[in-house]
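What follows is a set of notes on a single structure, which appears directly below.
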Amino acid sequence: MSRGVRSLLNILIAAQAAVLLAPTSIICAVGLLFSAILLARSPTNVALWMLVGCVVLMTYSLLSLWWLLFKYRSIHISRIPRSIWSGLAFGVVAALTLSSPHLIAVASGKNSIGYSVKYILGFGIGPVIFLVTVLVTVWYRGKHAP
């Protein structure tokens, strides 16, 4: 792979990490903090335990994505651990679940795409776009390795 292609891929991944991954991670961290505070106030509430469980799983999926971001230059796609694959798979399912109401609202004409794009990108599809970009980059580097 030429140096120019590598540089362009690195710039693309850095820009996507800043625009698509970082805001979702901040929202997830705030959600984790608030759910822990709510759980501390009412430790016997089963609904809060379910909320915390969902937020912890989403945090795990985002941590898997961050792990992939820091390792994508040196790892081959077959060397990605199963624990990371499971986190990434859960993240894709969670992203589609969280963004589907907004996608349906846009498709049905209830909301405009401009109104819903912050929810669609912030609550799921942004990290999925980033995941696809990083996985394609890892695959391409492995295929064109010297």
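The values are calculated or read from the model by the stated rules, or taken from the named source; none is laboratory data. Please read these numbers as outputs of a predicted model, since none were measured by experiment. Note: ideal-geometry Cβ built from the backbone for every residue, glycine included; neighbour counts use all protein chains shown. Ligands, DNA and RNA are excluded from the accessible area calculation, which covers all protein heavy atoms including side chains. Shrake-Rupley method; radii C 1.70, N 1.55, O 1.52, S 1.80 Å.
Here are a few things to note about the model shown:
- Of all residues in region 21-42, one or more are outside any helix (DSSP H, G or I) and farther than 24 Å from Thr137 by Cβ.
- Matching residues, region 55-77, being open to solvent by 60 Å² or more (accessible area, probe 1.4 Å), touching a residue at least 24 places away in the same chain (Cβ under 8 Å) and assigned to a helix (DSSP H, G or I): Val56, Leu57, Tyr60, Leu63, Trp66
- Residue check, Phe90 out of contact with any strand residue (DSSP E or B) (no Cβ under 7 Å at 6 or more places or on another chain), open to solvent by 80 Å² or more (accessible area, probe 1.4 Å), within 18 Å of Leu21 (Cα to Cα) and hydrophobic (A, V, I, L, M, F, W, C): no
- Members of region 93-107 that are farther than 15 Å from Cys28 by Cβ, more than 12 Å from the chain's Cα centre (by Cα) and open to solvent by 70 Å² or more (accessible area, probe 1.4 Å): Pro101, Leu103, Ile104, Ala107
- Considering residues of region 12-39 that are modelled with pLDDT of 90 or more and open to solvent by 70 Å² or more (accessible area, probe 1.4 Å) only, the residue nearest to Val132 (Cα to Cα): Leu12
- Among residues of region 120-146, those that are over 19 Å from Phe90 (Cβ atoms) and open to solvent by 70 Å² or more (accessible area, probe 1.4 Å), counted: 6
- Filtered residue count, region 121-138, keeping only those that are among the aliphatic types (A, V, I, L, M) and more than 12 Å from the chain's Cα centre (by Cα): 3
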